[in-house]
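What follows draws every value from the coordinates through simple rules; no lab data is involved. Keep in mind the model is a prediction, meaning the values are calculated, not measured. Glycine also receives a Cβ, built like all others from the backbone with ideal geometry; neighbour counts cover every protein chain displayed.
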Amino acid sequence: METTPPSQPPFNETNEDTPEIGGGLPIIKYWAEHTLSPDGAKIWKTLLHHSACLSCSWGTGGQKGGFTNEEGEKLQRCMKSVEAITAEIQPPVSGHFFDTNPIARLQQLTSYEADRLGRLSFPVILRAGSSHFQRISWDEIYAIATAAFKLDPERVASYSSGRGSNEAAFVLQLMMRTLGSNNLADCSDLCHAPSTTALSEMFGTKTSIVSLESLKEADCVVLAGANSPSNHPRLMNELIKIRDNGGKVIVINPVMEIGL
């Protein structure tokens with residue numbers, strides 16, 4: 001007879017550690033509150049753009065427009081998209097904010113609190129020995145960059161963020177090559193280095209080999225440590241379809257997520 005371990009509730013029950021979100025009505029409520037807010041027009045304009053998602057970079061349909069995936073299926077957006085857009089259209093941080101807020105105080109903020117301070121609309125610098133970020137002019141930035149690019153190539157490095165465009169990252173890499181430096185880094189290097197190493201050792205490839213098309217043909221999907229309802233909600237559509245078609249979804253996750 002199959003039994004449930006004492007430390008875990010039955011699959012269809014919850015306990016005090018069950019998260020408040022993870023699919024269902026809380027997500028619908030979140031969408032309604034934000035997309036019908038005073039900023040709703042700006043949010044919808046960005047949601048319907050022809051570019052990539054600000055949160056996960058998943059394509060939003062190219063020429064087909066937003067809410068469309070690579071297979072032409074409609075309504076392919078999630079709460080994370082709205083969260084990212086809401087953060088992007090916030091008012092800017094006050095020009096004197098960093099004068100009265102030392103780094104020690106900023107370090108006490110949660111990620112959410114830091115995000116809700118507003119957009120950083122001007123450059124700042126942390127000088128040696130200083131306890132505060134200081135606002136800096138673009139002319140000084142250009143002077144610092146010019147002096148740095150004159151150093152020996154092995155002492156010059158670049159880092160490109162995933163929040164920037166692919167075109168900007170490509171131009172940056174070309175410039176670094178022109179300077180004779182091979183010290184190129186981007187957010188993928190830091191975030192995905194462990195996974196690419198493991199993938200290469202296990203499957204002989206450093207990137208995912210599962211396409212949306214192949215996922216639709218799967219009979220069984222294993223989710224190991226994936227917080228899908230909260231972090232990969234678009235994947236949930238495909239998992240539901242697999243279940244509806246008689247397939248199996250195996251979840252390895254210590255958190256009892258509502259969405260799963």
Net charge of Cβ neighbours under 14 Å - reference Ser195; Lys, Arg +1; Asp, Glu -1: -1
Expressed as a whole number of Å, what is the distance separating the alpha-carbon centroids of the stretch 193-221 and the stretch 85-140? 38 Å
Net charge of neighbours whose Cβ lies under 14 Å from the Cβ of Thr146, counting Lys and Arg as +1 and Asp and Glu as -1: -1
Cβ-Cβ cut-off under 14 Å around Phe122, Lys and Arg +1, Asp and Glu -1: the net charge is -1
